[in-house]
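A.B. asks: Here it is, the structure, as structure tokens.
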Amino acid sequence: MNILVTGGAGFIGSNFCDLVLKQKEVNKLFIIDKFTYAGLEENLEHVMSDPRVQLIKADVCHTELFKEPLLDANYVFNFAAESHVDNSIMSPRDFIQTNIFGTFQILETLRQSNNLKKFVQISTDEVYGSLTNTALPSTELSPLQPSSPYSASKAGADHLALSYALTYGLSVTVTRSSNNYGPRQLPEKFIPKIIINALNGLNIPVYGTGKNIRDWIFVEDNCKGIWKAALSKETNKVFHFGADNELENLDIVKIFLEELNQKESLIEYVKDRPGHDFRYSLNIENTIKTLNWKPEESFHSGVKKTVNWYQKNLVWIDKANEKLRIKHLEMRQK
Ligand SMILES: NC(=O)c1ccc[n+]([C@@H]2O[C@H](COP(=O)([O-])OP(=O)(O)OC[C@H]3O[C@@H](n4cnc5c(N)ncnc54)[C@H](O)[C@@H]3O)[C@@H](O)[C@H]2O)c1
């Protein structure tokens, strides 16, 4: 089978490519990435010697640059996105462009495909918006109430993808996961920032009171779920991937500080993010039942694996930080 992955040089996309290449039935893996500040060549270096891999540097908004691979692919996984909520508040344009228009472009091209078995749109629990402490976890049928330009752009793309299933008969699956953590996540995100700052004895910024709640899933568990969802006979469905591991942000910081043998005095409370959702929570019962999937990594061992990876990849951290420095400069100049 031929696979096409967009956003394969990013955090989850690169972990997903590793999983794809472990599958014997995969003949070809096309990786499409624009290499924005979030895409690192280092994330794919180790797969480039695999003869099944073809890397194409392209923007998902320009599908004419990878039309042939798109039409050759049996399974298309759309990970490419602008993914950082804070950036979407400062400059939302790229989010609308890549996350909505890019998805549209892929879907439009796939209408011509004779080979497509499944288009998988990679989405997020953030599309459901903020939950209270006592609210029940969101189900696949809960209304979408996104709060940020990021989550609104993801919700828009989800709707588009599912509409192509109903309108044009495309075989589509939407996967929504909770917060991922693990190797190769950019230092702009919460957990890598905690680890890297703690390793350098720097303060760790925590928004507001630190009471906001997120569920955390180890990236490999999400990737395994996405793969199962693609191969499943179920189409035109939404699947949830969470780990039943809801924690307050402050607790997350404390867990990592303890793992890194650092003191809690590094915690620095900073002004809250505008429209900061209080809690996300996914009901994963249907996914467990339908896909025979469940999260395998305990949070305790996921934390150890993640810390260990960052401790061993200091050169990667330098490269990622340099890309972030340039990105912030560009955003300030806009
Ligand atoms: N990280 C999470 O916790 C999380 C949780 C739920 C869902 N998601 C979703 O999973 C997907 C991947 O997230 P991530 O954390 O790996 O993101 P990331 O920011 O680490 O990676 C995004 C990748 O997409 C590429 N990209 C961006 N714009 C592009 C464009 N126009 N054309 C081609 N490539 C482009 C980047 O270069 C990068 O390689 C996203 O769709 C995101 O919305 C992420």
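Please treat every number below as a calculation from the coordinates, not as lab data. Here the structure is a predicted model, which means the values were calculated and not measured. With ideal geometry, Cβ positions are generated from the backbone for all residues, glycine too; neighbour counts draw on all protein chains shown.
A.B. asks: Could you compute Rg(Cα) / (2.2 N^0.38 Å) for segment 197-246, with N its residue count?
C.D. replies: It is 1.72.
A.B. asks: Here's a follow-up. If the viscosity is 1.002 mPa s and the temperature 20 °C, what Stokes-Einstein diffusion coefficient in µm²/s follows for the chain when Rh is the Kirkwood radius over Cα pairs?
C.D. replies: 106
A.B. asks: Sticking with this one: Taking every DSSP beta bridge with both residues inside segment 197-322, roughly what % is antiparallel (nearest 5)?
C.D. replies: On the way: 3 of 8 bridges.
Here the antiparallel bridges make up roughly 40 percent for segment 197-322.
A.B. asks: Rounded to a whole number, what is D in µm²/s for segment 191-299 from Stokes-Einstein with the Kirkwood radius over alpha-carbon pairs (25 °C, 0.890 mPa s)?
C.D. replies: 156
A.B. asks: So what are the ³J(HN,Hα) numbers for segment 89-95, from phi and the Karplus equation (6.51, -1.76, 1.60; θ = phi - 60°), rounded to whole Hz, Gly and Pro as x?
C.D. replies: 7, 6, 8, x, 3, 4, 5
A.B. asks: Anyone know which of 323, 237, 271 comes out most mobile in the 10 Å Cα GNM of the chain?
C.D. replies: Answer for the Gaussian network model of the chain: 271.
A.B. asks: Further question on the same structure: Within segment 20-107, report the trypsin sites (Lys or Arg not before Pro) that DSSP leaves as loop and that have at most 15 other Cβ atoms within 10 Å.
C.D. replies: In loop regions of segment 20-107 (DSSP not H, G, I, E or B), the sparsely surrounded trypsin sites (Lys or Arg not before Pro) are 22, 24, 52.
A.B. asks: Based on the alpha-carbon gyration tensor of segment 167-206 and its eigenvalue square roots a ≥ b ≥ c, which shape applies: rounded if a/c is under 1.5, prolate if not and a/b is larger than b/c, or oblate?
C.D. replies: In terms of gyration-tensor shape, prolate.
A.B. asks: Using the alpha-carbon atoms, what tilt in degrees (0 to 90, nearest 10) does helix 219-231 show relative to the longest principal axis of the chain?
C.D. replies: Its long axis makes an angle of about 20 degrees.
A.B. asks: Further, regarding this structure: With +1 on the Cβ of every Lys and Arg and -1 on the Cβ of every Asp and Glu, and nothing else charged, how large is the dipole of segment 202-298 about its Cα centre, in debye rounded to the nearest 20?
C.D. replies: 400
A.B. asks: Continuing with this model, one more query. Given springs between every Cα pair under 10 Å in a Gaussian network model of the chain, which of 269, 310, 164 has the largest fluctuation?
C.D. replies: Taking springs between Cα atoms under 10 Å, the residue moving most is 269.
A.B. asks: Exposure proxy check: 36, 175, 167, 103 ranked by fewest other beta carbons within 10 Å?
C.D. replies: The order, fewest Cβ neighbours first, is 167, 36, 175, 103.
A.B. asks: Let me ask you something else. Could you tell me the largest-minus-smallest coordinate of the C-alpha atoms of segment 125-203 on each of the three principal axes, in descending order and whole angstroms?
C.D. replies: Dimensions of segment 125-203 along the principal axes of its Cα atoms: 54, 31, 20 Å.
A.B. asks: At what distance in angstrom do the alpha carbon centres of segment 145-176 and segment 38-78 lie from each other?
C.D. replies: 22
A.B. asks: Right, another one. Suppose every Lys and Arg Cβ carries +1 and every Asp and Glu Cβ carries -1, with no other charges. What dipole size does segment 36-107 come out with about its Cα centre, to the nearest 20 debye?
C.D. replies: Details: 4 positive and 11 negative charges, 43 e Å.
Charge dipole of segment 36-107: 200 debye, to the nearest 20.
A.B. asks: Hey, how much of the P(r) for segment 65-203 falls beyond 25 Å, as a percent of Cα pairs?
C.D. replies: Distances greater than 25 Å cover 36 percent of the Cα pairs.
A.B. asks: Also, I was wondering about something else. Looking at segment 21-95, which GluC sites (Glu not before Pro) are DSSP coil and have at most 16 other C-beta atoms within 10 Å of their C-beta?
C.D. replies: 25
A.B. asks: If you take the square roots of the eigenvalues of the alpha-carbon gyration tensor of segment 292-334 and sort them as a ≥ b ≥ c, do you get rounded (a/c under 1.5), prolate (a/b over b/c) or oblate?
C.D. replies: It is oblate, given that a/c is not under 1.5 and a/b is not larger than b/c.
A.B. asks: Separate question: On C-alpha positions alone, give me the angle between the axis of helix 11-21 and the longest principal axis of the chain, in degrees, nearest 10.
C.D. replies: It works out to around 50 degrees.
A.B. asks: With each pseudo-label sitting 7 Å past Cα toward Cβ, what's the residue 268-residue 288 distance in nm, one decimal?
C.D. replies: If labels sit at residue 268 and residue 288, their model points lie 4.1 nm apart.
A.B. asks: Something else now. With 10 angstrom as the radius, rank 148, 49, 178 by how many other C-beta atoms surround their C-beta, starting from the fewest.
C.D. replies: 49, 148, 178
A.B. asks: Using a Gaussian network model on the chain with a 10 Å cutoff between Cα atoms, which of 20, 127, 219 fluctuates the most?
C.D. replies: The residue with the greatest mean-square fluctuation here is 20.
A.B. asks: Let me ask something else. To make sure I understand, if each residue's beta carbon is the centre and we count other beta carbons within 10 Å, what order do 257, 329 fall in, fewest to most?
C.D. replies: Details: 257 20, 329 9.
So the ranking, lowest neighbour count to highest, is 329, 257.
A.B. asks: Can you tell me which lysines have their Cα less than 21 Å from the Cα of residue 312? Leave out same-chain residues fewer than eight positions away.
C.D. replies: Excluding near neighbours in sequence, the set is 189, 193, 304, 323.
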